[in-house]
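The values are calculated or read from the model by the stated rules, or taken from the named source; none is laboratory data. None of these values were measured; they are calculated from a predicted model. Please note: Cβ atoms are built from the backbone with ideal geometry, for glycine as well, and neighbour counts cover all protein chains shown. Side chains included, ligands, DNA and RNA excluded: accessible areas come from the protein's heavy atoms. Shrake-Rupley method; radii C 1.70, N 1.55, O 1.52, S 1.80 Å.
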Amino acid sequence: MNLTRRAFLGSGAALCLGAVARAQVSARTLTATDVHVSDYPTVQALRWIGETLMQETAGRIGLRVYHSGQLGREGDAINMVRFGALDITRVNMAVLNNPFPLTQILSLPYVFKDEAHMRRALDGAPGQEIARGFERRDLVCLAYYDSGMRHLYNTRHAVTTPRDLHGLKIRVPPSDIFMQLLRRFEANATPLPYGEVFSALQTHLIDGAENNWQTFHTTRQFEVAKFIARTGHSFSPEALLMSRRTLDALSATDRGLLLGIAQRSVPYMRSLWDKAEAASRDYVLGKGVRESDVDIGTFRTAAAPLLAAYRRDPQLDALYTSIQDLA
Ligand code: GTR
């Protein structure tokens, strides 16, 4: 009797454990990183992808989003995703410029007429060609997101022309293009990781930086840098990259679903972006940031030789031409 009971209990427990094991295997949680704060449009878009995935796979696949740079710098995240230690990361083109040369066209100065032009280029043939460049290095570009126009701000004085930047230490992201551009703007270009910019401004290690309105706002850099010059020198959009290894491990159906959801997150992200950009600008101006009257022609003239130099590369030149065809 005892034996029978034990055998019965044993088989029941085994059945139960089997069910738990099956549940664990199928309920897969992917990981994603972003250096921005929790309510930044890119992070909200990632969260939306996770929620939609959960719904459309009936809970089989989820996405855990690590925001605010909890898992480190963008450059490190790219390698972690390449090797499958992380599944997805949202990074800016600036950190991709050196390892993925086709992305340079998206960060070079004054390439796009406006946001609508950039979106057309990313949605069209230029975006597709740049995305193919990632495939060669085990990455899949799930989507492109907006990053608005980048402007220059500093803690010292109003800036109207590049001459006003002379001698100022301006932080740039880790990209040769940004180093060269800020040098052309007569600044002392200083590369620094994103997470260190606020304290570097506060301790006067640097005099300024350049970024879009939202980043200027959400990182609270506006509290120390009170002078902004709307130079709009670069759009440098965002890329949502996924590990080829993780994507290949999914079933064909789940793969298609995930790729489709990522594409559907683009209009969602854009609608968040359009609202947040204007709100950030109003907010910081309300907090005493002063916007100077920029002589934009002087910045364009200073930047032009840089664009011309990169266009000597036939692939970049062809991309530039196809982008201008969409202007
Ligand atoms: C922001 C971008 C971030 C980061 C940052 C920077 O616009 O969204 O991913 O690259 O710029 O300048 O480091």
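With kT/(6 pi eta Rh) evaluated at 37 °C and eta = 0.692 mPa s, and Rh the Kirkwood radius from Cα pairs, the stretch 224-303 diffuses with a coefficient of 198 µm²/s according to Stokes-Einstein. Distance between the pseudo-spin-label points of Leu285 and Asp317 (7 Å out from Cα toward the beta carbon): 4.2 nm.
Once you keep just the Cα pairs under 8 angstrom separated by 6 or more residues, what percentage relative contact order results for the chain?
Numbers: 566 pairs, mean separation 77.5, N = 327.
Result for the chain is 24 percent.
Within a straight-line Cα-Cα reach of under 19 Å, Lys169 can be paired with the following lysines, leaving aside sequence neighbours fewer than 8 residues apart in one chain: Lys226. Surface analysis of the stretch 132-224 yields an accessible area of 38 Å² per residue, using protein heavy atoms and a 1.4 Å probe.
Surface composition of the stretch 180-305: carbon and sulfur atoms hold 52% of the protein heavy-atom accessible area at a 1.4 Å probe.
Derived scalar couplings between HN and Hα for the stretch 227-232 equal 10, 10, 10, 6, 7, x Hz in order, rounded to whole Hz, by the Karplus curve 6.51 cos²θ - 1.76 cosθ + 1.60 (θ = phi - 60°), x for Gly and Pro. Solvent exposure of the stretch 241-327, expressed per residue, is 53 Å² of accessible area, with all protein chains present and a 1.4 angstrom probe. The string of couplings for the stretch 179-191 from the Karplus curve (6.51, -1.76, 1.60, θ = phi - 60°) is 4, 5, 5, 5, 5, 5, 7, 6, 7, 8, 5, 10, x Hz, one whole number per residue in order, with x for Gly and Pro. Based on DSSP H segments of at least four residues, each scored -39500 (n - 2.57), the chain has a per-residue ellipticity at 222 nm of -15500 deg cm²/dmol.
Residues whose amide H lies under 5 Å from that of Val159, counting only those 5 or more places away or on a different chain, are Ser292; hydrogens are built 1.01 Å from N in the peptide plane. Distant-in-sequence amide contacts of Gly62, defined by a placed amide H-H separation under 5 Å and a gap of 5 or more residues or a different chain, comprise Arg28, Thr29, Leu30.
Output needed: percent of Cα pairs per 10 Å distance bin for the stretch 195-267, bins running from 0 to the one holding the longest distance. All Cα pairs, binned at 10 Å, distribute as 15, 32, 19, 21, 13, 1 percent. How would you classify the stretch 133-261 from its alpha-carbon gyration tensor, with a ≥ b ≥ c the square roots of the eigenvalues: rounded for a/c under 1.5, else prolate if a/b is greater than b/c, otherwise oblate? Here the stretch 133-261 falls in the prolate category.
Just to be sure I understand: if I project the alpha-carbon convex hull of the stretch 46-117 onto a plane and average over all orientations, what area do I get in nm²?
Values: hull surface 26.8 nm².
Here the figure is 6.7 nm², rounded to one decimal.
Label separation (Thr29 vs Arg183): 4.6 nm, computed from points 7 Å beyond Cα along the C-beta direction.
Projected over every direction and averaged, the convex hull enclosing the alpha-carbon atoms of the chain yields 19.8 nm².
A 1.4 Å probe over all protein chains sorts Trp48, Trp273 by accessible area into Trp48, Trp273, starting with the largest. Measuring only protein heavy atoms, the 1.4 Å probe finds Asp293 accessible over about 130 Å². Temperature 25 °C, viscosity 0.890 mPa s: under these conditions the Stokes-Einstein estimate for the stretch 18-151, based on its Kirkwood radius over C-alpha pairs, is 151 µm² per second.
Counting heavy atoms of the protein chains only and a 1.4 Å probe, report the per residue accessible area for the stretch 68-128 as a whole number of Å².
Working: 2110 Å² over 61 residues.
Value returned for the stretch 68-128: 35 Å² of accessible area per residue.
Just the projected area, averaged over all directions, of the convex hull on the alpha carbon atoms of the stretch 174-237: how many nm²? Display every interim value, and only then the final one.
Numbers: hull surface 17.2 nm².
Dividing the Cα hull surface by four gives the mean projection, 4.3 nm².
Segment Thr203..Gln263, full-extension length gain: 17.5 nm, with 0.36 nm per residue of separation and the alpha-carbon distance subtracted.
Below 15 Å, Cα to Cα, which aspartates and glutamates can Lys275 reach? Residues fewer than 8 away in the same chain don't count. Straight-distance partners of Lys275: Asp39, Glu115, Asp146.
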